Structures are given as structure tokens and as C-alpha cells.
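Step one of this worksheet: look at the structure below.
Derivation of every value follows stated rules applied to the coordinates shown; laboratory data play no part. Keep in mind it's a predicted model, so treat the numbers as computed, not measured. Positions of Cβ are backbone-derived with ideal geometry, glycine not excepted, and every protein chain shown enters the neighbour counts.
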Amino acid sequence: MTLAGWLRLIGFFLGVCALVAPVKTGVNTYQENVHAKWPSAVATITQQTVRKIPAGSHGEWYIESLLRYSVDGEELTSSTHSGGGAFWEEWASRHPSGTSLPIRYDPQHHNTIVPDAGDMPESGPQVSDDLKTMLIFLLPSIALVTTSRVLRA
């Protein structure tokens, strides 16, 4: 295969990846809108663990929190975890057991919760990150496909 062929192939692959991003953006937008309508409460962190999961050469860290909160006078417990990241130990050290954490809970299933947007790392809106990801794939895709056409000509 020629250089132009390889560039075109890689460009199309990146283009397909870029087309997946709007789907993820739509799903995240829908979920964020649903969660924004859920009632809010203040939970107390009862236990917190910073865990490392294997991912790539360094792995990814996330925070798993066990929470206690009250809905209509009923004491409930649930758990939540952050998205993957690199420096969650600092956040966890500032939020030990006994610390309050704003949450939102599903009015139909009170044990289903999400951290209130932005308080826990990676818990805020994801749509802007999704759009950045789309651009990261789309721009090189356009550049590679265009370069392959120039080289073929």
C-alpha cells in the first residue's frame, strides 16, 4: 500500500471515531438533563476509597464513596464514583469521612444518586469534553484525507 493509501485509511478511521462522538454527546446531554431535574440532598461521606484501575501504561484513578443521606425522613445509603483521572487523592484528602457531599437522587429510586454537578472530579457536564474529543479526531482526519488526495494527484 502506498503512503497516500495509508494516510487515507488512517484518516477515514479517525473520521469514523469522530462520528461516534456526537452519539456520546447526545447520550451525555440527555443524562445530564435528566439528572438536573432530580431532587437534591446533602449526603455525608461514610467511607471513601481512591482506587487505581489498569488502563494504559499508568492506569486511571477514581474515587468510590459510600454515602448516607435522608429522603423524606428515611435514612438511605448508596455509593457513587468519579470518572477516571489522575489526581483524585488531593480531592479525597479534602473530603474525608463525615464530609458533606451535595447529591441528586432519582425520585423513583431513591438509592440511585449522582454527585451534584461539579462537586466531585469528573462529575460535572461532559458535553464540552465530548465536543473536544470530536475535534481531536475530526481535524486530523480531514488533514490526512486531504494530504492523501494531494499525494495521489
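In table form, for the structure just shown:
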{"read-out": "Ordering of 92-102, 10-20 by packing [mean C-beta count within 10 Å, highest first]", "value": "10-20, 92-102"}
{"read-out": "FRET efficiency for VAL42 and LEU138, using Cβ-Cβ distance with R0 set to 25 Å, rounded to 0.05", "value": "0.05"}
{"read-out": "Overall form of the range 73-113 per C-alpha gyration tensor (a/c, 1.5; a/b vs b/c)", "value": "oblate"}
{"read-out": "Crossing angle, helix 3-37 versus the chain [Cα axis fit, 0-90 degrees, rounded to tens]", "value": "20"}
{"read-out": "Whether the range 1-73 is rounded, prolate or oblate, judged on the alpha carbon gyration tensor where a/c under 1.5 counts as rounded", "value": "oblate"}
{"read-out": "Length gained when the stretch ASN33-GLU90 is fully extended (0.36 nm per residue, less Cα-Cα span)", "value": "17.6 nm"}
{"read-out": "Relative contact order (%) - the chain, alpha-carbon pairs under 8 angstrom, separation at least six", "value": "34"}
{"read-out": "Förster radius 41 Å - calculated FRET efficiency between SER128 and THR99, Cβ distance, rounded to 0.05", "value": "0.90"}
{"read-out": "Protection proxy ranking of 129-137, 62-70 - average other beta-carbon atoms within 10 Å, highest first", "value": "62-70, 129-137"}
{"read-out": "For the chain, calculated [θ]222 nm from helices alone, where every DSSP H run of n ≥ 4 adds -39500 (n - 2.57)", "value": "-15500 deg cm²/dmol"}
